[in-house]
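K.L.:
So that we are looking at the same thing, I have put the structure below in structure tokens.
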Amino acid sequence: MEGSKHQVLDYLRRHRGEYISGEELSRQLAITRTAVWKHIQALRREGYRIDAQTRRGYCLLGTPDCLYPEEVAVGLKTSWLGRQLYYYDEVGSTNQVAKELADNGAPEGTVVVAEAQSGGRGRRGRLWLSPPQKGIWFSLIFRPRVAPTQASQLTLLAAVAVAAAVRKYTGLPPGIKWPNDILLGGRKVCGILTEIKAEMDAVEYIVQGIGLNVNAEADDFTPDVRPYATSLFLELGRRVARLPLFQEMLYQLEKWYERWQEEGFEPVRSAWKEASVTLGREVAVNSWREVTTGVAVDIDVEGALKVRTAGGEVRRFTSGEVTLRPV
Ligand code: BTN
């Protein structure tokens, strides 16, 4: 946001509930009264509810449910994650933007968020529906000092962190389907797409794209995905404010990431197992080559899924698509 407009907003925010005269704003911020009025108009166009009364001045009544960097920064509990935030009204894919930024040296913790994506990408080249303001569509840049084989741990970590934020914020009980789909009532509410750039022995960066369906309604999903998809709105029967939930997700992601760097994978692994809806279930794993059926028995130290087949053999999967068999 442009400098003096941001200052107007900041001033009104610090005096929330009070009327501030145009004269006071102009004097305090050293700008003309016409400039004050122009900024007020621009802020209203962005969705800020600002009352204007003759003689009393301006009063900030409400902020929009947009993920503007200025709004995200207010009350954000992280110390480094999301402190560098790129915001788009609409973009092709936040993962694509994040990869370009990472290629150009963007630091760890950089986040890209969009109100809508025109070409949101899911796993296995699928499309990810991302209608305006119906969800939280964002990507994170990490530069962990780990071997590429450990990178998949971060995939599970993201699911643990997002599930914790959803649980904390809505009271709903999310379940994680390996590796990192988040389900509510058996339907997918959040998908995570992890992309990695690495040398043989070192990770250069990991871009993690997270798509959480927040206020999407049934009609927002195409008929083919409708039976398998849900949103917080559909589960709760009421709309959910995205901004505080986004802040909570960033906080949980930072917390879990730091814990992973300090304590290793074990805490993530046990939190993942606790929230898992995969372990103990009959599953079909579709890996690139074949479909394996059996019982999901565990995840190992690298985050791989272990499945015991009918013949008693335990197979290990580092990637693949899991379908839960009906119980
Ligand atoms: C999946 O198929 O489960 C993964 C979906 C990931 C969607 C998110 S939305 C933000 C980011 N940008 C994208 O293009 N995809 C991810």
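Each value in this text was obtained by applying a stated rule to the coordinates, not by laboratory testing. Just so it is clear, the structure is predicted and the values come from calculations on it, not from any experiment. Cβ sites come from the backbone with ideal geometry, for glycine too, and all protein chains shown count toward neighbours.
K.L.:
Quick one: order L127, L12, L157 by neighbouring beta-carbon count within 10 Å, fewest to most.
P.N.:
Listing L127, L12, L157 from fewest to most nearby Cβ atoms yields L127, L12, L157.
K.L.:
Right, here's the next one. By its C-alpha gyration tensor, with a ≥ b ≥ c as the square roots of the eigenvalues, how is segment 115-190 shaped: rounded for a/c under 1.5, else prolate for a/b larger than b/c, else oblate?
P.N.:
Values: a/c = 1.68, a/b = 1.16, b/c = 1.45.
The shape class here is oblate.
K.L.:
Applying a 10 Å radius around every beta-carbon, put 70-78, 252-260, 159-167 in order of their mean neighbour count, most first.
P.N.:
On the way: 70-78: 16.0, 252-260: 20.7, 159-167: 24.0.
Packing proxy ranking, top to bottom: 159-167, 252-260, 70-78.
K.L.:
How would you rank R14, R123, going from fewest to most other Cβ atoms within 10 Å of each one's own Cβ?
P.N.:
Fewest to most other Cβ atoms nearby, the residues stand as R14, R123.
K.L.:
Once the Cα atoms of helix 3-14 and of the chain are each reduced to a long axis, what angle between those two axes, in degrees from 0 to 90 to the nearest 10, is obtained?
P.N.:
Once rounded, one gets 90 degrees.
K.L.:
Return the calculated 222 nm mean residue ellipticity for the chain, to the nearest 500 deg cm²/dmol, obtained by summing -39500 (n - 2.57) across DSSP H runs with n ≥ 4 and dividing by the residue count.
P.N.:
Details: 9 runs with 105 residues, N = 327.
After summing the helix terms and dividing by residue count, I get -10000 deg cm²/dmol.
K.L.:
Sticking with this structure for a sec: Please report M200, M249 as a ranked list, fewest other C-beta atoms within 10 angstrom at the top and most at the bottom.
P.N.:
Details: M200 6, M249 27.
The fewest-first ordering by Cβ neighbours comes to M200, M249.
K.L.:
Okay, next question. Less than 20 Å apart at the alpha-carbon level, and either on another chain or at least 8 residues along: which aspartates and glutamates does that give for K77?
P.N.:
Excluding near neighbours in sequence, the set is D10, D65, E108, E248, E254, E258, E262.
K.L.:
Sequence gap at least 6, Cα distance under 8 Å: using those rules, report the relative contact order of the chain to the nearest whole percent.
P.N.:
Numbers: 624 pairs, mean separation 43.1, N = 327.
The value is 13 percent.
K.L.:
Let me know the shape class of segment 179-327, please: from the alpha-carbon gyration tensor, a ≥ b ≥ c as square roots of the eigenvalues, rounded when a/c is under 1.5, otherwise prolate if a/b is greater than b/c, or oblate. Mind dumping the intermediate values first?
P.N.:
On the way: a/c = 1.80, a/b = 1.16, b/c = 1.56.
Oblate, because a/c is 1.5 or more while a/b does not exceed b/c.
K.L.:
Follow-up. Pick out which of D300, D181, D219 has the largest mean-square fluctuation in a Gaussian network model of the chain, springs linking Cα atoms closer than 10 Å.
P.N.:
Fluctuation is largest for D219.
K.L.:
Can you tell me which of P144, P131, P227 moves the most in a GNM of the chain? Springs connect C-alpha atoms under 10 Å apart.
P.N.:
Top of the fluctuation ranking is P227.
K.L.:
Further question: Stretch W288-R33 to full length: gain in nm at 0.36 nm per residue minus the Cα-Cα span? Working shown, then result.
P.N.:
Numbers: separation 255, 0.36 × 255 = 91.80 nm, distance 6.39 nm.
Gain on stretching W288 to R33: 85.4 nm.
K.L.:
If you don't mind, another one. Starting at the first residue of segment 33-42, write each ³J(HN,Hα) from the Karplus equation 6.51 cos²θ - 1.76 cosθ + 1.60 with θ = phi - 60°, in whole Hz, x for Gly and Pro.
P.N.:
For segment 33-42, the Karplus curve yields 5, 5, 5, 4, 4, 4, 5, 4, 4, 5 Hz.
K.L.:
A follow-up question, please. Does the chain classify as rounded, prolate or oblate by the C-alpha gyration tensor (a ≥ b ≥ c root eigenvalues; a/c under 1.5 gives rounded; else a/b over b/c gives prolate, otherwise oblate)?
P.N.:
Working: a/c = 2.58, a/b = 1.99, b/c = 1.29.
Cα axes put the chain in the prolate bin.
K.L.:
Go through K168/K188; K168/K255; K255/K306 and tell me which ones have a Cα-Cα distance over 21 Å in this structure. Walk me through the numbers on the way to the answer.
P.N.:
Values: K168/K188 18 Å; K168/K255 14 Å; K255/K306 27 Å.
Table pairs above 21 Å Cα-Cα are K255/K306.
K.L.:
So the label point goes 7 Å from the Cα of E274 along Cα→C-beta, right? Which residues of segment 66-87 then have their backbone N under 19 Å from it?
P.N.:
Answer for this model: none.
K.L.:
Explain nothing, just compute: Karplus ³J(HN,Hα) = 6.51 cos²θ - 1.76 cosθ + 1.60, θ = phi - 60°, for every residue of segment 83-88 in order, whole Hz, x for Gly and Pro.
P.N.:
Here the 3J(HN,Hα) series is 6, 9, 10, 9, 10, 10 Hz.
K.L.:
Between Q96, Q28, Q133, find the one with the highest GNM mean-square fluctuation for the chain; connect C-alpha pairs within less than 10 Å.
P.N.:
Ranking Q96, Q28, Q133 by mean-square fluctuation puts Q28 first.
K.L.:
Please give the contour-minus-distance gain from A198 to A52: 0.36 nm per residue of separation, less the Cα-Cα distance, rounded to one decimal in nm.
P.N.:
Values: separation 146, 0.36 × 146 = 52.56 nm, distance 5.47 nm.
The span from A198 to A52 would gain 47.1 nm if fully extended.
K.L.:
Please list 3J(HN,Hα) in residue order for segment 52-62, calculated via the Karplus relation 6.51 cos²θ - 1.76 cosθ + 1.60 where θ = phi - 60°; whole Hz, with x for glycine and proline.
P.N.:
10, 10, 4, 6, 8, x, 10, 9, 7, 9, x
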